[in-house]
Structure formats: structure tokens, C-alpha cells
Amino acid sequence: MDGKVLTDLAKEVKHLQDMGCQVGIVIGGGNIWRYRDFKDLGLDRVTSDTMGMLATVMNALAFENALKLLGADVRAVSSFPCEKALETYIPKRAKHHLEKGRIVIFAGGTGSPFFTTDSAAALRALETSCDVLLKATKVDYVYDKDPEKYKNAKKFTELKFQDVIEMNLGVMDLTCASLLKSGNIPMIVFNLGEKGNIEKAVIGSKIGTLIT
């Protein structure tokens with residue numbers, strides 16, 4: 001966990017709050033635990049996914065603290081039971097926090113194994129009536145294949161969720177795509193590494209790939 005990266009990201013998110021935006025953040029745990037990096041342990045999927053959900057709780061606590069140090073009004077909630085660490089996720093309560101202008105950090109994934117962070121993000125977006133889901137990544141657009149491996153990778157500035165499903169693009173899992181498609185919630189995929197990109201995505205600047 002990089003303290004400078006955490007603080008810089010917190011500053012960008014706090015700026016959104018200062019702009020009057022309602023901000024919900026679904027946080028992952030890949031920096032702490034990824035099953036593919038520990039296959040030699042011989043863990044079953046349920047155990048591995050449980051460890052992943054616990055990793056998101058650790059990240060949520062760290063990011064909540066970073067935001068509080070900046071004076072942000074923030075609540076970290078978890079769908080994975082851990083009452084002594086985070087508030088239990090209840091959709092109506094989370095919506096209330098958002099309506100009060102608080103930043104809400106969603107930890108614990110969906111609270112169940114076998115679901116990705118993408119699916120958790122789509123579910124939370126639907127439950128809290130979000131206008132748009134922003135997916136911050138390491139690349140600037142959605143591509144038909146890995147642009148770091150293939151120089152001829154084709155980038156997309158706009159896509160339909162049906163395209164993502166039919167072309168089996170790796171930008172999100174099919175459950176996430178189906179949920180957002182049925183809920184009519186657009187997604188913007190953009191590069192988190194460039195400072196200011198979060199604000200650009202929020203205010204509607206041409207950035208990344210828009211999926212509708």
C-alpha cells in the first residue's frame with residue numbers, strides 16, 4: 001500500500017465532494033490478495049474469495065482514514081460482516097449517507113464468494129441509484145486485446161454493453177455487464193494514473209470509453 005498514492009487519490013475524491021457530487025467507491029483488495037498469485041497454497045475458491053473480501057475491508061479502512069485526514073465526511077461500509085471495523089452495508093442507509101453529501105466506501109464485495117469487484121460495483125450502483133459507474137484502470141480506453149502485448153490492439157471510445165458481452169471483452173465480467181445493461185446505468189472506463197481524470201469523467205469531458 002503506497003501512502004502517497006493513497007493520499008493523492010483521496011485528494012481527488014475529496015475534490016468531488018467539494019464540487020457537490022454524491023460519491024460512492026467500491027474498493028477492491030487486489031493489492032493485498034489475488035488468488036492467482038497464491039495458487040500454490042491449494043485454497044478452495046470460497047476460502048480464497050473470503051480472504052479477498054477481508055482485503056477490501058483493510059483497504060477501505062485505510063482509504064477512509066486518508067479521506068478523514070483531509071476533512072472529508074465519509075463512511076466506510078461492508079457487506080461482509082465485520083461490525084467492529086466497519087458499518088454494516090444497508091442500501092437505504094447508504095443512500096441516506098450519499099444524500100447527506102457523505103462519501104461512501106463500499107467494502108466486502110457482494111458479501112458472497114464467486115462474485116467479482118466489478119459485479120459488486122454494478123450491484124451497488126443499482127441499489128443506490130447511481131447516474132454513472134466509473135471504472136478506474138491502468139489503461140486509457142477499452143481495447144479488443146491487451147495493448148501492452150499487441151501493438152495493433154483496437155481501442156474503443158464508445159461501446160454498448162451488448163458489444164462487451166458478445167465480443168467477450170475483458171473490461172468487466174458478464175454479470176457486471178448484464179446488471180448495468182438491465183439497469184440502464186452507463187460505465188466510463190478511464191486511466192486512473194493521470195491526475196485529474198476522475199474529475200474529467202465526472203463532469204462529462206471526453207475521456208476513456210463510454211459504455212451504454
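The values are calculated or read from the model by the stated rules, or taken from the named source; none is laboratory data. All figures in this text were calculated on a predicted structure; none of them were measured in a lab. Neighbour counts are summed over all protein chains in view; Cβ atoms, including those assigned to glycine, are modelled from backbone coordinates with ideal geometry.
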query: In this structure, does residue 57 turn out to be touching a Cys at 6+ places or on another chain (Cβ under 7 Å), of a type outside the set (Ser, Thr, Tyr) and closer than 19 Å to residue 10 by Cβ?
result: yes
Scanning the stretch 126-144 residue by residue, the ones that are touching a Gly at 6+ places or on another chain (Cβ under 7 Å) and either closer than 24 Å to residue 55 by Cβ or hydrophobic (A, V, I, L, M, F, W, C) (or both) total 4
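Test of understanding: among 181, 195, 160, 135, which residue is in contact (Cβ under 8 Å) with a residue 60 or more places away in the chain, among the basic types (Lys, Arg) and outside the structural domain of residue 96 (by TED's automatic domain parsing)?
Only one candidate qualifies: 195.
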Note on residue 127: of the conditions (1) of a type in the set (D, E, K, R); (2) more than 15 Å from the chain's Cα centre (by Cα); (3) at pLDDT 95 or above, unmet is (2)
Screening 71, 101, 108 for residues that are at positive phi, in contact with a strand residue (DSSP E or B) (Cβ under 6 Å, 6 or more places away or on another chain) and either at pLDDT below 95 or not assigned by TED's automatic domain parsing to the domain that holds residue 188 (or both) leaves only 108
Flagged in the stretch 156-186 as among the hydrophobic types (A, V, I, L, M, F, W, C) and either under 23 Å from residue 5 (Cβ atoms) or part of a loop (DSSP other than H, G, I, E, B) (or both), in numbering order, are 169, 171, 172, 185
